[in-house]
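Colleague: Here it is, the structure, as structure tokens.
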Amino acid sequence: MTVWLVQLGNGEYEPNLFDVEISDTANPFGNYAVAYIDDQSGDRYDAYPYGTRVDIYYAEEEDVDALLEVESGETYTIEAGETEEYQMALVDGTLEVDGTLELTDEGFERRFTGYVVERREGDRNGADELEVTVHSFDQFLRRNRVSNDQSGNTIEEALEDIITTDTPVAYAAANVDVVDNQTLTQSYRGEKVEDVLRSLAFKSGDEGFGVDSAVEFFFRPREAEAAPRGISNSQWTDYDIPEVGNEAINEVTVFFDGGDESVTVDAGDAKLDLQESLRLAGPGTQSEEITREELTDIADAQAVGEQYLRYRNTTLTGEVTTFGLNDAEPGDVINIQIDERGIDDDFRIAANEMRWGEDSNTLTIVEKRGDQDDLLVRLSDTLDRVESREANRDGVNNRVTSTTAGAIIDVTGEIDASGGIDSASDRWVNAGFRLVRDAWSSRGSPIDIAEIAVGDDASGLSRTNDALANETARNAVTETLSGDTGVEYAADFDVADVREAGLFDSAGVMVCRAVFDSAGEGLSGTNEVAVALDVSNDESVSRGVLTDAGQEAVRDIIADNSPSLPTQYAYGSDNTAPLTSDTALGNEVVTRDLDKLLIQSASDASSWVAVVGEADETTPLTNTAGDHEALQSNFVFEAEDADTRDAGINIESDSSASGGEATIWINTEGRGSTWEFESDYVIPADEFFVAVRTSSTGTATPTITAYLDRGATGTNLEELAPVGVAGGTFTWQTRTPTLADNLDSGTHALRIEVTEVSENDEDNFYFDVVSIGDNRYSYTFDDDNGGSSGYLDGPELYPELQETEFETASTRRDVTEASVESDWNDTSGEQYIELANDPDGEGYLKTENSDTASETFAGAQTDVNVRIGIGRYGTRSDATPQEGFNGQAVDWFDLFANPDAITPESTNSASVRSIVGPGEIVGETIREAGQLAADDTALTRSVMAEFTVGSGQRVESSETVTWQND
């Protein structure tokens, strides 16, 4: 029999309580309690106005009996002012209270805290009844919307801002433990607080959150533990456990960035399972589309898709009614045996509804299926936001592959007494799981197991244990490796009772605990106590394995034995069933380093625009051809190559002229030549220039005038006069007229003609080269052709250098290293690549004359900045200019950084992220994937529903590795 106690906010206890119902769920917004109160006198209604704080405690009858030292049925009335020794009286399962009570630590436990939202008078079996409904303080996290832009904040910073700004709940930093405190790229402004909290938990480690009894917010890892007991076939009274698959999907496409971009997340193993079971010709795809127009970052869209997909999987779920499990909490693991239903399996508790009057517990349960452990909260109002909005289905669809591999860590304790005593049960505990998880991701180090401790209390075994129940002795261990996947730790103890044993690392953290039955009592002499560990593949995971090498790596993490950890992720095209004996993928297609995560890339016109922006119309740079390239800014023509040359202008040899030829102009008014040129960008009106290289044969100094796009009216640019004397050398002269308007892109014509003859009209002059261009850039107006009909080094056709600053590439986790791989047509001259993660502090680090760059930064930041210098190149001997007649161009560009690619997903799982950029494996069919060690040995291997990589498609892994108890 369970005894319940209701305390009001003023410290009083309800004297007329006769029944309590509590619903405790994994979704904090589903938590409520109902107190049923005998109110024959009619005075209890006014004690529960809206907003009254209510705390509900419970105890088992035998515990209260022991506390009171009275028998059930006896009465002990507490007088006003009487203190601690006897504070409660048990009267046939109810409490008779007189005066003020102070609860002791033993006997009663707080089970629910909240505030009154409804009170209702009614009738129960002819008696007046007051029904008081109490909601948990978690409701304060509902309905309000996020006020501030959270992009750029870490998850912890966002939580503090949201709770303090948008809720009435107090924020206490000590209550917040973020598993993966990544930096956010999503704003969340305007979204409901409860939806944002769920999203942040999903991005991190699927933490639980809510409001505690002090009305303070908490956000912390879900510490899964065993329920106080399982439910055997004789301990249930009712059940309803269907397999829910009516909403199951195995592929979701998320359209984002206004619907122009999309990413598909799929469960390839589920597709293959359906294909196999139904004997389909291809993968059994059940897909859905959702739109999140406000998202602009692909990783945010991916997270939405993964969250949606996870909560739409087929699973075994339902309710089972039992008794005596008031201690069982959402998240606990419970074994349930129902012979009539053919069930004997582990489940997670999603809700516990407690009814005092019936002395019953109705548990809502979800089948425990490896990576589906966190399917506890039904987020229907979030997940049902499937909008049929406009979406670009012709655009590039990026793809995320979801795979899973798992390890079983088997713990066995043994006392080397007569005949040997094996442990009755054992657990690798949460602290140990975290150490293995962090070592796998290289966030932590292998475990240094240093000591074994023993105790004499076998109670309370759970994977949440962080110490023995009652430690009595501790000694240093000896370590013995066994095979490739086992290790044993042992020490001698001279103690009489060994009911428990635990392994501790050098920092004093307990990693596992084993308990023994009564055979561990009454020992004599010195006995060796050993704990053996063995790692194996989790066979319950479909379509994915932790290979033999992967199992050995986990063992070596535990034994601090130089583990071969994952350094690469690979995709392949082979779909043969994965085996633990696999040492490689069946047919590897592409491999990516895990410490080299692609965070920005460009390879076509649209992606170049995304990283460098639209080119300004007055800048000689373009992305339109799929490259980021310099445009021609200067147009140079030989005089003899004019598109039109008037009669009387002849070509004549001259060794000092460019190419050994020039045109000779008779000093005659109206005579001239025209050159056509085409500019691919707009030259500002005040930056246009014309330069000519001329020489005179004598004293002739006619006026020559340049006209741009001469039509009916003509545009007089500037008057020039040939320079030099008879027999003199060619000389450049430049004019920079201000045009009436900018020179638009397109085809133009420059005409130069004699507009006024000189006094000595018998003399002629020579016209060698004309240059037309953008005066913002520097050119070499060379006058030395070598004197033997050679060509001139300049003026060059392209700018000497232009700087392009890329959009900041933001990561969710700190970066200390970044590198660029790119493909340039040339890297000579003043070309460079610059990298920074703190441009206002450390500044940019430059690599010159290279298409790759790699930098290690002084500090850790979440942003990476890139700048490049793009210029001109080329050397030849058969035309003017001989130098700088080509513009540099970048065909493709990839930016890599070293944020953690393997990150915590929960206490006992990690997520592996690797990206293959667009255009790298176009046309390849992908059917398998896996993590590889530095020597290319496969540590995991999974097969998935096949897909063929399309043009411009980005492929990203989302592989979960789990560690479980046997």
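The values are calculated or read from the model by the stated rules, or taken from the named source; none is laboratory data. Just so it is clear, the model here is predicted, and its values are computed rather than measured. For neighbour counting, all protein chains shown are included, and Cβ atoms are generated from backbone atoms with ideal geometry for every residue, glycine included.
Colleague: Consider Gly786 against the criteria (1) out of contact with any Gly (no Cβ under 9 Å at 6 or more places or on another chain); (2) farther than 30 Å from Leu597 by Cα; (3) buried (at least 16 other Cβ atoms within 10 Å of the Cβ): it satisfies all of them except one. Which criterion is unmet?
Modeller: All conditions are met except number (3).
Colleague: Moving on to the next point. Please pick out the residue among Leu481, Leu461, Leu523, Leu533 that is surrounded by 15 or more Cβ atoms within 10 Å (Cβ to Cβ) and not in a loop (DSSP other than H, G, I, E, B).
Modeller: None of the others qualify; the one that does is Leu533.
Colleague: Could I ask something else about it? Can you run down the residue pairs with Cβ atoms below 7 Å, 6 or more apart or on separate chains, where the first is in the stretch 827-845 and in the same structural domain as Tyr873 (by TED's automatic domain parsing) and the partner is surrounded by 22 or more Cβ atoms within 10 Å (Cβ to Cβ) and part of a loop (DSSP other than H, G, I, E, B)?
Modeller: Every condition considered, the pairs that remain are Gln831/Gln888.
Colleague: Among the residues in the stretch 152-171, are any surrounded by fewer than 18 Cβ atoms within 10 Å (Cβ to Cβ), among the charged types (D, E, K, R) and at pLDDT below 90?
Modeller: Scanning the stretch 152-171 turns up no residue that is surrounded by fewer than 18 Cβ atoms within 10 Å (Cβ to Cβ), among the charged types (D, E, K, R) and at pLDDT below 90.
Colleague: Within the stretch 593-619, which residues are of a type in the set (D, E, K, R) and within 23 Å of the chain's Cα centre (by Cα)?
Modeller: Asp593, Asp595, Lys596 - these are the residues of the stretch 593-619 that are of a type in the set (D, E, K, R) and within 23 Å of the chain's Cα centre (by Cα).
Colleague: If we scan the stretch 800-822, do we find a residue that is in contact (Cβ under 8 Å) with a residue 12 or more places away in the chain, out of contact with any helix residue (DSSP H, G or I) (no Cβ under 6 Å at 6 or more places or on another chain) and under 30 Å from Ser655 (Cα atoms)?
Modeller: Yes, the stretch 800-822 contains at least one residue that is in contact (Cβ under 8 Å) with a residue 12 or more places away in the chain, out of contact with any helix residue (DSSP H, G or I) (no Cβ under 6 Å at 6 or more places or on another chain) and under 30 Å from Ser655 (Cα atoms).
Colleague: Another one. Would the stretch 783-795 turn up any residue that is acidic (Asp, Glu), within 51 Å of the chain's Cα centre (by Cα) and under 20 Å from Val636 (Cα atoms)?
Modeller: No, because not a single residue in the stretch 783-795 is acidic (Asp, Glu), within 51 Å of the chain's Cα centre (by Cα) and under 20 Å from Val636 (Cα atoms).
Colleague: While we're looking at this one, here's another question. Output the number of the condition that Val554 fails; it satisfies all remaining conditions of (1) part of a strand (DSSP E or B); (2) touching a Ser or Thr at 6+ places or on another chain (Cβ under 9 Å).
Modeller: Answer for Val554: the failing condition is (1).
One line per residue, one yes/no per condition, for (1) at pLDDT below 85; (2) more than 15 Å from Glu956 (Cβ to Cβ); (3) surrounded by fewer than 18 Cβ atoms within 10 Å (Cβ to Cβ):
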| position | (1), (2), (3) |
| --- | --- |
| Pro242 | yes, yes, yes |
| Gly245 | yes, yes, yes |
| Thr253 | no, no, no |
| Ser262 | no, no, no |
| Gln275 | yes, yes, yes |
| Val304 | yes, no, no |
| Phe323 | yes, yes, yes |
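Colleague: Out of Asp456, Asp448, Asp466, I need the residue that is charged (D, E, K, R), in contact (Cβ under 8 Å) with a residue 12 or more places away in the chain and surrounded by 17 or more Cβ atoms within 10 Å (Cβ to Cβ). Which one?
Modeller: Answer to the selection: Asp456.
Colleague: Report yes if some residue within the stretch 912-930 is in contact with a helix residue (DSSP H, G or I) (Cβ under 8 Å, 6 or more places away or on another chain), crowded, with 24+ Cβ neighbours inside 10 Å and at pLDDT 90 or above; otherwise report no.
Modeller: Taking every residue of the stretch 912-930 in turn, none turns out to be in contact with a helix residue (DSSP H, G or I) (Cβ under 8 Å, 6 or more places away or on another chain), crowded, with 24+ Cβ neighbours inside 10 Å and at pLDDT 90 or above.
Colleague: Tell me yes or no: at least one residue of the stretch 763-770 is among the hydrophobic types (A, V, I, L, M, F, W, C), more than 30 Å from Thr729 (Cβ to Cβ) and at pLDDT 95 or above.
Modeller: no
Colleague: Given the conditions (1) of a type outside the set (S, T, N, Q); (2) in contact (Cβ under 8 Å) with a residue 60 or more places away in the chain; (3) at positive phi; (4) out of contact with any Leu (no Cβ under 9 Å at 6 or more places or on another chain), and given that Arg543 satisfies all but one, which numbered condition is not satisfied?
Modeller: (4)
Colleague: Please go through the stretch 643-674 and give me each residue that is under 19 Å from Pro702 (Cβ atoms), surrounded by 15 or more Cβ atoms within 10 Å (Cβ to Cβ) and either modelled with pLDDT of 95 or more or polar (S, T, N, Q) (or both), ordered by number.
Modeller: Thr663, Asn667, Thr668, Ser673, Thr674
Colleague: For the stretch 125-148, how many residues meet the condition of being in contact with a Phe, Trp or Tyr (Cβ under 8 Å, 6 or more places away or on another chain) and either of a type in the set (Asp, Glu) or assigned to a loop (DSSP other than H, G, I, E, B) (or both)?
Modeller: Residues that pass the stated criteria total 5.
Colleague: Select from the stretch 835-881 the residues that are over 27 Å from the mean Cα position of the chain (by Cα) and aromatic (Phe, Trp, Tyr) and list them in ascending order.
Modeller: Within the stretch 835-881, just Tyr873 meets the criteria.
Colleague: For the stretch 894-910, check the following and say yes or no: at least one residue is touching a residue at least 12 places away in the same chain (Cβ under 8 Å) and surrounded by fewer than 20 Cβ atoms within 10 Å (Cβ to Cβ).
Modeller: Among the residues of the stretch 894-910, not one is touching a residue at least 12 places away in the same chain (Cβ under 8 Å) and surrounded by fewer than 20 Cβ atoms within 10 Å (Cβ to Cβ), which makes the answer no.
Colleague: Out of Thr622, Thr567, I need the residue that is within 30 Å of Ser506 (Cα to Cα), of a type in the set (Ser, Thr, Tyr) and either in the same structural domain as Thr296 (by TED's automatic domain parsing) or buried (at least 17 other Cβ atoms within 10 Å of the Cβ) (or both). Which one?
Modeller: After ruling out the rest, the residue left standing is Thr567.
Colleague: Go through the stretch 931-953 and count every residue that is touching a Gly at 6+ places or on another chain (Cβ under 8 Å) and surrounded by 22 or more Cβ atoms within 10 Å (Cβ to Cβ).
Modeller: 10
Colleague: Another question, then. Identify, by number, the condition in (1) surrounded by fewer than 21 Cβ atoms within 10 Å (Cβ to Cβ); (2) in the same structural domain as Asp654 (by TED's automatic domain parsing); (3) in contact (Cβ under 8 Å) with a residue 60 or more places away in the chain that Ile752 doesn't meet.
Modeller: Here Ile752 clears every test but (1).
Colleague: In this structure, does Val609 turn out to be outside any loop (DSSP other than H, G, I, E, B) and surrounded by fewer than 18 Cβ atoms within 10 Å (Cβ to Cβ)?
Modeller: Yes, satisfied.
Colleague: Looking at Arg913, is it of a type in the set (Lys, Arg), touching a residue at least 24 places away in the same chain (Cβ under 8 Å) and closer than 27 Å to Pro620 by Cβ?
Modeller: no
Colleague: So, in the stretch 484-497, of the ones that are within 43 Å of the chain's Cα centre (by Cα) and assigned to a strand (DSSP E or B), which residue ends up farthest from Asn537 (Cα to Cα)?
Modeller: Ala490
Colleague: Here is a list: Arg198, Arg229. Which entry is under 21 Å from Val304 (Cα atoms), out of contact with any Asp or Glu (no Cβ under 7 Å at 6 or more places or on another chain) and basic (Lys, Arg)?
Modeller: So the residue among Arg198, Arg229 that is under 21 Å from Val304 (Cα atoms), out of contact with any Asp or Glu (no Cβ under 7 Å at 6 or more places or on another chain) and basic (Lys, Arg) is Arg198.
Colleague: Now, a different point. With the requirement that a residue be of a type in the set (Val, Ile, Thr) and surrounded by fewer than 16 Cβ atoms within 10 Å (Cβ to Cβ), what does the stretch 796-850 give you?
Modeller: Across the stretch 796-850, the qualifying residues are Thr808, Thr816.
Colleague: Being modelled with pLDDT under 95 and surrounded by 15 or more Cβ atoms within 10 Å (Cβ to Cβ) is the filter; apply it to the stretch 625-638 and report the residue that is farthest from Thr663 (Cα to Cα).
Modeller: Filtering the stretch 625-638 for residues that are modelled with pLDDT under 95 and surrounded by 15 or more Cβ atoms within 10 Å (Cβ to Cβ), the one farthest from Thr663 (Cα to Cα) comes out as Gly626.
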